[in-house]
Amino acid sequence: MNKNWSDMNKEMQAMIAKKATFKDGMEKLLALRKSLFEQITQIVSTFPAEAFYQMPFAGAEGYHSKTLAYSIWHIFRIEDIVAHEMIAEDQQILFHQGFQEAIHSPIVTTGNELCGNEIMDFSRQLNVKALYRYAQEVMRSTDQMLQSLEYADLKRKYGEEMIGKLRNTRCVSEAESASWLIDYWCGKDVQGLLRMPFSRHWIMHIEAMQRIKNRLCKLARKGVDPIAYCGFSCNHCFLGEWCGSCRTAYNTCSFATISPDGKCPNAVCCQEKGLDGCYACDLLETCEKGFYIPSNDGANAAKAQALYIRKHGKKEYLKAHDRLHEKYDFAKTQEILGQDYKEGLRILEET
Ligand code: SF4
Ligand code: SF4
């Protein structure tokens with residue numbers, strides 16, 4: 001489990017258990033949820049539509065055997081049901097504001113009953129943008145509810161009446177793989193619910209989503225030119241695990257993710273000019289676009305690498321990178337190539 005999330009979760013659990021630290025514990029829970037939700041936002045805003053129904057770990061044991069779309073649906077259906085049917089006892093978000101229609105989901109259940117290809121078929125039908133808006137709204141309303149809870153509310157228990165109510169909603173399938181959920185939830189008090197559907201359950205599924213997206217990026221990069229348009233080597237990039245390269249639809253490099261259309265300005269410019277990369281451009285030395293913007297501390301290192309490619313070719317460049325990594329221990333090339341592209345080029349050539 002991600003250490004930061006795991007630590008926050010443990011601290012939150014210990015804090016909400018005591019009256020004196022309850023409010024701070026709830027603040028920690030909100031911060032944990034915010035941090036986790038950022039992962040979902042990043043995935044939804046940068047990954048192509050097809051990524052949401054792929055199952056790169058189909059058949060594996062564990063949450064990573066699902067799809068990205070299923071994971072989002074499942075996390076927030078469970079939260080919606082538990083937060084609104086059990087704790088707030090008001091209306092689920094799915095059934096108002098037109099979410100059910102907008103998402104195009106053929107089911108209203110948590111999805112636990114789906115298996116194998118059913119998960120992929122289900123995911124393919126979902127409108128991911130609408131699903132994301134639903135997730136945002138569920139999170140917003142839950143956060144509001146969490147902020148209004150008092151320490152005394154944590155001991156509230158549930159019994160047969162709630163079991164019957166949840167069954168009547170038909171939001172949990174009667175299939176064996178799903179029906180246990182109702183007994184599971186109703187066996188907990190509010191504190192127990194905070195410890196699972198609103199926190200740990202998120203961590204487990206969002207970590208699984210990270211595994212899925214990393215795998216999809218790896219698969220996307222297979223057979224693709226490992227030299228990025230700006231001159232970086234995807235084979236040696238510290239973001240290589242989660243970026244599928246600017247030459248594929250799985251481009252999640254830093255400048256792509258901060259660009260409004262999700263496309264790196266250097267990639268777009270090269271494509272418009274019909275260039276293989278910035279190393280083939282006459283304006284390279286003076287260019288301040290995208291990755292080469294002067295405020296980016298990696299700008300000159302990228303330029304040094306692009307210039308090396310221009311002078312010595314891609315094959316030699318990849319070999320030079322191997323040598324650089326053998327010689328030095330670093331994550332970002334600017335740590336070695338510095339802030340002057342001519343000096344960076346010299347270092348690369350002497351390596
Ligand atoms: S961030 Fe750039 S260099 Fe790194 S893997 Fe992505 S496209 Fe390649
Ligand atoms: S103008 Fe800049 S971003 Fe565009 S191809 Fe040339 S070096 Fe690359």
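The values are calculated or read from the model by the stated rules, or taken from the named source; none is laboratory data. Note that the coordinates shown come from a computational prediction; the quantities given were computed from them, not determined experimentally. Cβ: placed from backbone, ideal geometry, glycine included. Neighbour counts: every protein chain shown.
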Can you find a residue in segment 224-241 that is over 21 Å from SER295 (Cβ atoms), modelled with pLDDT under 90, surrounded by 15 or more Cβ atoms within 10 Å (Cβ to Cβ) and more than 16 Å from ligand 2 (Cβ to nearest atom)? yes
Just to check your reading of the model, which residue among CYS237, CYS253 is under 26 Å from GLN210 (Cα atoms) and out of contact with any helix residue (DSSP H, G or I) (no Cβ under 9 Å at 6 or more places or on another chain)? CYS237
Which numbered condition in (1) polar (S, T, N, Q); (2) more than 26 Å from the chain's Cα centre (by Cα); (3) modelled with pLDDT of 95 or more is the only one that ASN266 fails? (2)
Find the residue count for segment 135-156, including only residues that are aliphatic (A, V, I, L, M), in contact (Cβ under 8 Å) with a residue 40 or more places away in the chain and over 30 Å from ALA69 (Cα atoms). 2
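So, in segment 285-294, exactly how many residues are away from ligand 1 (no atom under 16 Å from the Cβ) and either among the polar types (S, T, N, Q) or within 26 Å of the chain's Cα centre (by Cα) (or both)? So that I can check it myself, show each step before the final result.
Taking segment 285-294 first, the residues away from ligand 1 (no atom under 16 Å from the Cβ) are 285-288, 294.
With the extra rule that they be either among the polar types (S, T, N, Q) or within 26 Å of the chain's Cα centre (by Cα) (or both), the set shrinks to 286.
Residues that pass the stated criteria total 1.
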From the list ARG247, ARG215, ARG221, which residue is of a type in the set (Lys, Arg), away from ligand 1 (no atom under 12 Å from the Cβ) and surrounded by fewer than 23 Cβ atoms within 10 Å (Cβ to Cβ)? ARG215
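In the set ASP261, ASP282, ASP297, which member is at pLDDT 95 or above and more than 13 Å from ligand 1 (Cβ to nearest atom)?
Values: ASP261 fails: at pLDDT 95 or above; ASP297 fails: at pLDDT 95 or above.
Every option except ASP282 fails the conditions.
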Test: ILE206 is away from ligand 2 (no atom under 13 Å from the Cβ) and at pLDDT 95 or above: yes
With a cut-off of at least 1 residues that are without any contact (Cβ under 8 Å) to a residue 40 or more places away in the chain and over 26 Å from PHE52 (Cα atoms), name the helices (runs of 4 or more DSSP H) lying wholly within segment 243-347. 265-273, 299-327, 334-337
Considering GLN42, GLN97, which residue is modelled with pLDDT under 95 and either under 23 Å from ILE203 (Cα atoms) or touching a Phe, Trp or Tyr at 6+ places or on another chain (Cβ under 7 Å) (or both)? GLN42
Of (1) aliphatic (A, V, I, L, M); (2) away from ligand 1 (no atom under 13 Å from the Cβ); (3) closer than 30 Å to ARG215 by Cβ, LEU345 satisfies every one except (3)
